[in-house]
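> Input: one structure, supplied below.
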Amino acid sequence: MTNRIIVLFFVLLGAVAMLPAQTVTVTLTTDEGYERPAAISKAEENLSRVLTEINAAQRENRNLNVVGLPMTDFAVKSLTMIWATVHFYCDDEEVVDRCWLFKDFMEVDHIPLIITPQGEEFGSGTYQEAVVEFDKNGRISEFRFALDNQLRESLTNCGAVVEEERRMEILQYVERFRTAYNTKDINFLQQVFSDDALIITGHVVTTKINEMDPGGQKVVYSKQNKQQYIANLKRAFARNKWIDVKFSQIGENGEAGGCAGITRSVSDPNKYGVRLRQEWKSSNYSDEGYLFLLWEFRDGQSPVVHVRTWQPEWVGGEKLPESEIFSLGDFNL
Amino acid sequence: MIRKLLLTVFLALSVSGLSAQQTAEEQKKEINRIKKSSLYLYGEATMPTEQEAKDLAEELLYADINEWVAGQKKMSNAPKVVVNNTKQLWGGVSLPRGNMFRAFFYVKKSDILPVENTQEIVPVPAASDDEAELLSSSSVPAVSPVVAEVAALKEFSALQGCLNRLKQEGKIKDYNKYAALQDADRYYLIIYNREGRIEAVLTPGAGRRNVATGRPDAIANYAGRGAIGFLLAE
């Protein structure tokens, strides 16, 4: 009898050890020299509640209970859209993260999540950080997936030509853009592309060998307008159970571009080019290539994408040369 | 007999799994203790490979150190700072982060020390033919004595004291981090690296020049560096 009790104890202990953390406590730090706003304590409490609910919902394999959660409508919508696509939990029982203070909001960038796909592999990996924004009262105003550490660092500190606040805004929208593909948020993508947006996609074609042409591979470019692109995207969303899009830097320090993943137009300073490497993995398809986005940011208006180009990373067994990757200079603004 | 063996194996795995988790949890607690403490500076990164995580975490720590040093008045007159006891606390497998690696570097602020009376011997590279021609032709444009004084500084730690004094003397109107500049084109830029060495001073304008060489230069040539801008008094 005693032996059975001991065995049962160890079995239960082992089982408990495997479970994700239940309650999550949150501590937000601020840099020396910055006055710590009173709302940070509220932000800590609110994020703790949300992460604890996330962990409980993941453990119980149910929908999130968003009733009463200290979040704005937009944040609730962001989070539930992600949850509808994939479940996850917070990897730490205690989250300690730096809180960045902006004029009208606060932000934490490295909430550690573990994605737990149901029955299928999910994209590039199981670890994913989240970015959480808070309003001035500490209420959660947005919840989105973060870009990887290196790309985030590069875009954040890319001091070449873009002022800090605009860099943070660009980073915010690139993250939202990426999250929209992962959550199949067609409404966001419809809004973010301008009505006259140009979408250019490169395809690798193999040419036939004849007397004049030794053969090989080359990239052929096709154009779509916004309507065509969105229609194709809807079809892709419908036929793929999950989509995992990842953005990263192009090469070491962005190759010749240095950390200038973001460049600003000289002729129209409201326009910015963002160059990224994109990995697309979905239930039925995967590819890797270079993405160029031409953004327009105007004060008081939501930013829009005027141009989206995609080029394959590999052509004929070789990486696409940096000089052939689309950049701001390729477009007449 | 087989049932006993299977049970023993299961119990052993449960306990060892629990032990491994305890080690990971202890390391997480230690990391959190350091992050919450105002006594430390740190850099943290989670990346697909160990080396990438370590490289990025180290870069972030150096950036943090430079920023902190710039804000410390007692460091401002020291010709050099030294960072002692840089430690590494990471777990690889023992600090799981899904399918990635977490690296965490930290240093105690009290281990960052101003160093007096040091002399560093820096080998001067032989001038290339182009540089030799440039120097001999004296084509480097003359700069104001204020700009020359700033351009003569080698260490970031000496910057704040110098810029403060120049501002008090009315020789410069303003100085700030590049990210905080309202109209960066109007400012001279001091470029420094993460080791705290000043690499270049660039003239203002859309087409900048390197003050030391007189040649065209640009911020884009200094990936991964920081910059301080200063504005001459008219």
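> Taking the criterion of being closer than 18 Å to residue A:319 by Cβ, buried (at least 16 other Cβ atoms within 10 Å of the Cβ) and modelled with pLDDT under 90, would at least one residue in the range A:186-201 satisfy it?
No: the range A:186-201 contains no residue that is closer than 18 Å to residue A:319 by Cβ, buried (at least 16 other Cβ atoms within 10 Å of the Cβ) and modelled with pLDDT under 90.
> Ok, one more. Tally time: how many residues in the range B:185-222 are more than 30 Å from residue B:58 (Cα to Cα), among the basic types (Lys, Arg) and within 14 Å of chain A (Cβ to nearest Cβ)?
2
> Now, a different point. Out of the residues in the range A:26-60 that are in contact (Cβ under 8 Å) with a residue 40 or more places away in the chain and outside any helix (DSSP H, G or I), which is farthest from residue A:132 (Cα to Cα)?
Looking at residues that are in contact (Cβ under 8 Å) with a residue 40 or more places away in the chain and outside any helix (DSSP H, G or I), I get A:34.
> Identify, by number, the condition in (1) assigned to a helix (DSSP H, G or I); (2) surrounded by 15 or more Cβ atoms within 10 Å (Cβ to Cβ) that residue A:329 doesn't meet.
(2)
> Right, here's the next one. So residue A:92 ticks every box in (1) within 12 Å of chain B (Cβ to nearest Cβ); (2) part of a strand (DSSP E or B) but one. Which box is left unticked?
(2)
> From (1) surrounded by 16 or more Cβ atoms within 10 Å (Cβ to Cβ); (2) at pLDDT 80 or above, pick out the condition that doesn't hold for residue B:95.
Failing condition for residue B:95: (2).
> Okay, next question. Considering only the range B:46-66, how many residues are under 8 Å from the mean Cα position of the chain (by Cα) and more than 8 Å from every other protein chain (Cβ to nearest Cβ)?
Here the count works out to 5.
> Name the residue, out of A:169, A:175, that is within 14 Å of chain B (Cβ to nearest Cβ) and modelled with pLDDT of 75 or more.
Exactly one of A:169, A:175 is within 14 Å of chain B (Cβ to nearest Cβ) and modelled with pLDDT of 75 or more, namely A:169.
> Taking the range A:72-93 on its own, how many of its residues are closer than 17 Å to residue A:44 by Cα and in contact with a helix residue (DSSP H, G or I) (Cβ under 7 Å, 6 or more places away or on another chain)?
Total satisfying the criteria: 2.
> Same structure, new question: Give the residue that is modelled with the lowest pLDDT, with candidates limited to residues of the range A:249-272 that are surrounded by fewer than 19 Cβ atoms within 10 Å (Cβ to Cβ) and among the polar types (S, T, N, Q).
Out of the qualifying residues, it is A:253.
> Taking residue A:32 and the conditions (1) of a type outside the set (S, T, N, Q); (2) surrounded by 20 or more Cβ atoms within 10 Å (Cβ to Cβ); (3) within 14 Å of chain B (Cβ to nearest Cβ), which numbered condition does it fall short on, given that it satisfies the others?
For residue A:32, the failing item is (2).
> For the range B:106-200, give me every one of the helices (runs of 4 or more DSSP H) that falls completely inside it and has 3 or more residues that are aliphatic (A, V, I, L, M) and either modelled with pLDDT of 75 or more or surrounded by 14 or more Cβ atoms within 10 Å (Cβ to Cβ) (or both).
Fully inside the range B:106-200 and qualifying: B:145-151, B:159-168.
> Right, something else. So residue A:42 ticks every box in (1) touching a Gly at 6+ places or on another chain (Cβ under 7 Å); (2) farther than 30 Å from residue B:43 by Cβ but one. Which box is left unticked?
Every condition holds for residue A:42 apart from (2).
The values are calculated or read from the model by the stated rules, or taken from the named source; none is laboratory data. As the structure is a computational prediction, the values presented were derived from the model and not from experiment. Neighbour counts run over all protein chains shown; Cβ positions are idealised from the backbone, glycine included.
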